[in-house]
Every structure is written in C-alpha cells, then in structure tokens.
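Let me begin by presenting the structure, written as structure tokens, before commenting on it.
The values are calculated or read from the model by the stated rules, or taken from the named source; none is laboratory data. Just so it is clear, the structure is predicted and the values come from calculations on it, not from any experiment. Note that we place each Cβ from the backbone using ideal geometry, even for glycine, and neighbour counts take in every protein chain shown.
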Amino acid sequence: MIKLLYMLGYVKDVKWRKHVIKRIKMKISKHSVVSFNFTLTHDDGTVLDSSDKGGPLVYLHGVGALIPGLEKELEGKGKGDKLQAKIAPSEAYGERNDQMIQTVPKNELPAEEEIKAGMQFQADTPNGPIVVTVVEVKDTEVTLDGNHPLAGVNLNFDVEVTDVRDATQEEIDHGHAHGPGGVEH
Ligand SMILES: [Zn+2]
C-alpha cells in the first residue's frame, strides 16, 4: 500500500495541486483512540446493549479493551465507516463451560436478604473477580453459574465509527482512553 501511494504520488508535473480530491482518513490501528456508536443484538433480535443512552463508546484500540472479534472488525476502519458483524463466542465471551456451574452451601453466601434465582454475587478467582449468577436455590444449597452472561452467545453488532485519533503517551501508559466517554481522572 505504501508503495502504491508512492507511485500514485510520483508525478512529473504539479497539476495535482488543483486536484486534491479527498482527505486520507486516519485508520484504526494499535493505539488509536476510537469512538463508536453501536447496537448489540442477540440472534433473535433482542437488543442486549447499545450506545443510545450513554453516547459513543470510547476505547484505546489494540490493548484488549474490547472483545477480540470486535477489535478485528474495527481494525483499519475510519471515521464515518459503518459495519455489521456477527461475532462467534470464540471471538467474544467464550463458550459456556458446565464446570463453571457449582453448588455451594447456602450459608457460605453473604446473605443480607433471602437468596433468589437471578441474584448475582462477586467471586474471587486466581484470575481476578468474576460475577456468578444464582440459578437454583434449595433448602441448604445454592447453585451458581460463573459463566459470563454472554458466553456461548453470538453477538450481532451494528457499528458506526464516529471518531479516530492517536492516543496520547499518557493514554498509552495508562492503557485506556481519556476524556469524555473514556476514563476521566
Ligand atoms: Zn488514565
């Protein structure tokens, strides 16, 4: 591509001065700070999440801030570009793992109120905290599911890139984007 641009630019006169036709857009690459609007839907069309209320999502590209499948789709895109992508679990939150479903004694849970199916707790693991969801409650036992709620689910994204800029050195050092939509501190 560099070579092609060089050849395109290698002209013998200056006629090009009157024919500047378009700006070459900044492409999303490692350490771009990207803003985008999105709608995320389940295969059945149910909307799981969107930027409608909170405004564009802003992230630092190439450091694992987004699920791998979505970062791959965004790579090389520019401001104003739109994309639709169906991302498989292997490129998103992984497949469901039945070993992540475990039964524990009820009295081991921090219970400020009656434990019911659907409640969520934070559990510590060697790889950091995860969210576990109560799936069944019996007299003395509770069954918890440690799978990510979106594990095993195809993610259908409808995305519009609204801005692309280079990250500052400080953002690269921190590993996240700063400013509105990013981390403000
Ligand atoms: Zn920071």
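Condition first: among the basic types (Lys, Arg), touching a Ser or Thr at 6+ places or on another chain (Cβ under 8 Å) and closer than 26 Å to residue 38 by Cβ. Can you find one or more residues in region 79-102 that meet it? Walk me through how you get there before you give the answer.
The first filter runs over region 79-102 and keeps only residues among the basic types (Lys, Arg), leaving 79, 82, 86, 96.
Narrowing the set further to residues that are touching a Ser or Thr at 6+ places or on another chain (Cβ under 8 Å) leaves 79.
Remaining after also requiring closer than 26 Å to residue 38 by Cβ: 79.
Yes: one or more hits.
Looking only at residues in region 126-143 that are under 11 Å from residue 109 (Cβ atoms) and in contact with a helix residue (DSSP H, G or I) (Cβ under 9 Å, 6 or more places away or on another chain), which one is surrounded by the fewest Cβ atoms within 10 Å (Cβ to Cβ)?
Taking region 126-143 as the starting set, the residues that turn out to be under 11 Å from residue 109 (Cβ atoms) are 132, 134, 137, 141-142.
Going one step further and asking which of them are in contact with a helix residue (DSSP H, G or I) (Cβ under 9 Å, 6 or more places away or on another chain), we end up with 132, 137, 141-142.
Values: 132: 22, 137: 16, 141: 13, 142: 24.
So the residue we want is 141.
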Does residue 103 fit the bill of being in the same structural domain as residue 34 (by TED's automatic domain parsing), more than 16 Å from the ligand (Cβ to nearest atom) and of a type in the set (S, T, N, Q)?
no
Only one of 118, 78 is touching a strand residue (DSSP E or B) at 6+ places or on another chain (Cβ under 7 Å) and surrounded by fewer than 10 Cβ atoms within 10 Å (Cβ to Cβ); which?
118
Could you check region 160-171 and list, in sequence order, the residues that are within 16 Å of the ligand (Cβ to nearest atom) and either within 16 Å of the chain's Cα centre (by Cα) or aliphatic (A, V, I, L, M) (or both)?
167
Filter region 70-113 down to the residues that are of a type in the set (Gly, Ala, Ser) and under 18 Å from residue 27 (Cα atoms) and list them by number.
76, 78, 80
Does residue 79 qualify as being in contact (Cβ under 8 Å) with a residue 40 or more places away in the chain, among the basic types (Lys, Arg), more than 16 Å from the ligand (Cβ to nearest atom) and not in a loop (DSSP other than H, G, I, E, B)?
no
Check region 139-159 and report whether any residue there is within 13 Å of the ligand (Cβ to nearest atom), of a type outside the set (Lys, Arg) and within 20 Å of residue 74 (Cβ to Cβ).
no
Does residue 111 count as modelled with pLDDT under 95, loosely packed, with under 15 Cβ neighbours inside 10 Å and assigned to a loop (DSSP other than H, G, I, E, B)?
yes
When only residues in region 172-185 that are surrounded by 13 or more Cβ atoms within 10 Å (Cβ to Cβ) and modelled with pLDDT under 95 count, which is nearest to the ligand (Cβ to nearest atom)?
183
Number of positions in region 147-171 that are crowded, with 17+ Cβ neighbours inside 10 Å and assigned to a loop (DSSP other than H, G, I, E, B)
5
